[in-house]
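**Student:** Dumping the structure here so I can ask a few things about it.
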Amino acid sequence: MKLIIAIVQDEDSSKLLSKLMQGGFGVTKLATTGGFLKAGNTTLLLGVEEERVEEAVHIIESVCKSRKQITPATTTVSGLTHGEFAAFPVEVTIGGATLFVLTVDQFLKV
Ligand code: 2BA
């Protein structure tokens, strides 16, 4: 068995959850926060039989879209005193989805 950890955008999470459930996958949804944007995203945990990993990844790929987002980045400004910061907008491309596929040693329900 494999554990897929899928970090997706909040906008895609409801549709993705429905599609995965329709496909007969067991899913746990967690509300998470990205370290860079410090904005909410969604992490899904899927315990999947090895032969269905590709199918799950295909569903995730088909639902999760990449989006561009403008975010304020900060940097120190030379010439200013006391380590002052300036904020300027930076465009980042987020997603479709960030996936980790791990091997599960044991899957128990006790
Ligand atoms: P965030 O950390 O909020 O990152 C959002 C997006 O900002 C990233 O999209 C990427 O395009 C950009 N970004 C991240 N770090 C950057 C940096 N140091 N400089 C410039 N741009 C940067 P994605 O790559 O699609 O990642 C979406 C979310 O997936 C991330 O949200 C984070 O929650 C998670 N993630 C991505 N890579 C990860 C990793 N190696 N380990 C754990 N979580 C990860």
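**Student:** Under a no-solvent Debye model with one identical scatterer per Cα of region 13-66, what's log10 I(q)/I(0) at q = 0.19, 0.23, 0.28, 0.29 Å⁻¹?
**Tutor:** Log-scaled intensity ratios, in q order: -0.68, -0.93, -1.18, -1.22.
**Student:** Using a cut-off of 26 Å between alpha-carbon atoms, which lysines can reach K2, once sequence neighbours fewer than 8 places away in the same chain are excluded?
**Tutor:** K15, K19, K29, K65, K109
**Student:** List residues of region 30-44, by number, whose backbone nitrogen lies under 18 Å from a label position 7 Å along Cα→C-beta of V104.
**Tutor:** What the label zone holds, given the 18 Å backbone N cut-off, is 30, 43-44.
**Student:** Let me ask you something else. Only helical DSSP H runs with n ≥ 4 go in: add -39500 (n - 2.57) per run for the chain, normalise by residue count and round the 222 nm mean residue ellipticity to 500 deg cm²/dmol.
**Tutor:** It comes out at -7000 deg cm²/dmol, rounded to the nearest 500.
**Student:** So, one more: Starting from region 10-65, pick out the trypsin sites (Lys or Arg not before Pro) whose DSSP state is loop and whose Cβ has at most 10 other Cβ atoms within 10 Å.
**Tutor:** For trypsin sites (Lys or Arg not before Pro) across region 10-65 that sit outside H, G, I, E and B with at most 10 neighbouring Cβ atoms in 10 Å, the list reads K38.
**Student:** What is the ratio of the Cα radius of gyration of the chain to 2.2 N^0.38 Å, with N the residue count, to two decimals?
**Tutor:** Compared with the compact-globule rule of thumb, the chain sits at 1.40.
**Student:** Where in the chain is the longest stretch that carries no GluC sites (Glu not before Pro) classed as loop by DSSP and with at most 15 other Cβ atoms within 10 Å?
**Tutor:** Value returned for the longest uninterrupted segment is 1-48.
**Student:** Continuing with the same structure: Using the basic label-point model (7 angstrom from Cα toward the beta carbon), what is the S62 to V92 distance in nanometres?
**Tutor:** 3.0 nm
Since every read-out is calculated from the coordinates, none of them should be taken as a lab result. All values derive from a computational prediction rather than experimental measurement. Quick reminder, even Gly has a Cβ in these numbers, built from the backbone with ideal geometry, and neighbours come from all protein chains shown.
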